[in-house]
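The values are calculated or read from the model by the stated rules, or taken from the named source; none is laboratory data. These figures come from a predicted structure and were not determined experimentally. Heads up, the Cβs are rebuilt from the backbone with ideal geometry, glycines too, and the neighbour counts pull from every protein chain shown.
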Amino acid sequence: MNLVQIETFLCVARLGSFRAAAQRLGTTQPCISQRVRELETSLGSELFDRSSRRQVRLTARGRALVPDAERFLLAGAELRRRFSSVKALRGIVRLGVTGTIAVNWLPKLIDALAQDAAGVEIEFVADLSANLSRLLAGGRLDLAFFAGAPPQSGFVGEIVGRVPLAWFCSPRLNVPAKVLQASELAAWPLITDVPGTSFHRLSAGWFEKAGVRPARNHACSSLATRIQLAEAGLGIALIPLTALSDELDDGRLRRVDVEPALPDLEHVLAYPSSPLEAPVRKVIEMIKRQLAFEPNFRFSSVSRRARPLGQAPSAKRQAELRG
């Protein structure tokens with residue numbers, strides 16, 4: 001008795017036909033019949049009633065075997081997964097990620113790899129997107145997941161998500177509660193990313209398209225610090241929509257509506273276009289699988305930093321903590 005025989009038995013049982021099972025399993029009807037006969041001989045029981053030419057039916061012993069056969073097949077698949085593919089995949093993959101992704105999403109990837117490919121280990125570098133691009137181009141990373149374009153020559157860049165952006169400020173700034181044109185927004189102190197980053201280029205390009213230039217544009221590479229600076233009233237900050245929760249609920253920040261709308265910040269998965277080793281391909285597969293469920297990168301923990309003493313959590317956050 002073997003897994004192929006069990007798989008064949010279940011296929012015939014579900015389809016009710018040796019011919020249909022042969023088509024489903026990509027083999028011949030005589031081969032299917034032989035597998036079933038070998039299983040019946042091994043068990044010492046007839047599993048199918050073959051008296052009808054149109055459709056075969058399970059015997060009483062055949063019906064009793066179905067649940068055990070399903071468990072047997074699942075156990076075999078689990079054994080193959082744990083002791084075949086996992087052992088074949090071994091190695092260290094050098095992955096570059098931005099700081100926010102490292103804190104909020106990278107642990108999920110490492111946990112998933114431990115379950116699905118325990119032989120593959122991640123050695124990560126958390127840095128600015130521009131620096132990650134340079135490390136990738138210099139061969140010091142196997143792949144990188146960041147905002148912006150990959151190195152141009154010899155690299156693949158797959159857009160795996162888009163993050164909507166918006167301007168936010170503290171109510172203490174008294175920014176007018178109306179839709180601002182780029183020329184009106186440019187008169188206020190702004191807080192974006194450091195020059196050379198995709199985030200900064202996106203902001204600068206938005207203003208250039210409107211034919212204006214900000215009077216004061218502060219630079220901050222840390223998203224969490226940028227949020228804190230905006231809360232302190234030091235400027236209107238450009239922040240991913242998915243990075244805020246409590247700040248808006250508590251009224252510490254409010255959105256500044258603008259026209260025209262800002263473009264989304266694209267996140268790419270970048271890696272060399274040359275043939276990749278199996279561990280690298282596995283990590284790429286796992287990243288794409290995870291991102292299928294998180295297309296907007298909801299990095300909720302960015303806003304859950306330490307609060308000043310005496311400041312209570314929001315009602316929403318208290319409810320989350322309770323349940």
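Of the residues VAL97, VAL125, VAL86, the single one that is under 16 Å from MET286 (Cα atoms) and modelled with pLDDT of 85 or more is VAL97. Name the residues in the range 167-186 that are within 24 Å of ASP264 (Cβ to Cβ) and either part of a strand (DSSP E or B) or hydroxyl-bearing (Ser, Thr, Tyr) (or both), would you? Answer for the range 167-186, where residues must be within 24 Å of ASP264 (Cβ to Cβ) and either part of a strand (DSSP E or B) or hydroxyl-bearing (Ser, Thr, Tyr) (or both): TRP167, PHE168, CYS169, LEU180, GLN181, SER183. Each residue in the range 114-142 was checked for being under 23 Å from PRO275 (Cβ atoms), touching a helix residue (DSSP H, G or I) at 6+ places or on another chain (Cβ under 6 Å) and not acidic (Asp, Glu), and 5 of them qualify.
Within the range 207-235, being of a type in the set (A, V, I, L, M) and either within 22 Å of GLN181 (Cα to Cα) or under 30 Å from the mean Cα position of the chain (by Cα) (or both) holds for ALA210, VAL212, ALA215, ALA219, LEU223, ALA224, ILE227, LEU229, ALA230, LEU234. In the range 49-71, what residues are under 18 Å from LEU3 (Cα atoms) and buried (at least 18 other Cβ atoms within 10 Å of the Cβ)? GLY62, LEU65, ALA69 - these are the residues of the range 49-71 that are under 18 Å from LEU3 (Cα atoms) and buried (at least 18 other Cβ atoms within 10 Å of the Cβ).
Residues checked against (1) closer than 30 Å to MET286 by Cα; (2) without any contact (Cβ under 8 Å) to a residue 24 or more places away in the chain:
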residue	(1), (2)
ALA13	no, no
ARG37	no, yes
ALA77	yes, yes
LEU109	yes, no
ALA114	yes, yes
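The residues of the range 201-236 that are in contact (Cβ under 8 Å) with a residue 24 or more places away in the chain, among the aliphatic types (A, V, I, L, M) and over 13 Å from LEU173 (Cβ atoms), listed by number, are LEU202, ALA210, VAL212, ALA215, ALA219, LEU223, ALA224, ILE227.
The strands (runs of 3 or more DSSP E) found entirely in the range 231-275 that carry 1 or more residues being closer than 15 Å to CYS220 by Cβ and not hydroxyl-bearing (Ser, Thr, Tyr) are 236-240. Only one of these conditions is not met by SER42: (1) more than 24 Å from SER274 (Cα to Cα); (2) loosely packed, with under 13 Cβ neighbours inside 10 Å; (3) modelled with pLDDT under 90. Which number is it? Against the list (1) more than 24 Å from SER274 (Cα to Cα); (2) loosely packed, with under 13 Cβ neighbours inside 10 Å; (3) modelled with pLDDT under 90, SER42 comes up short only on (3).
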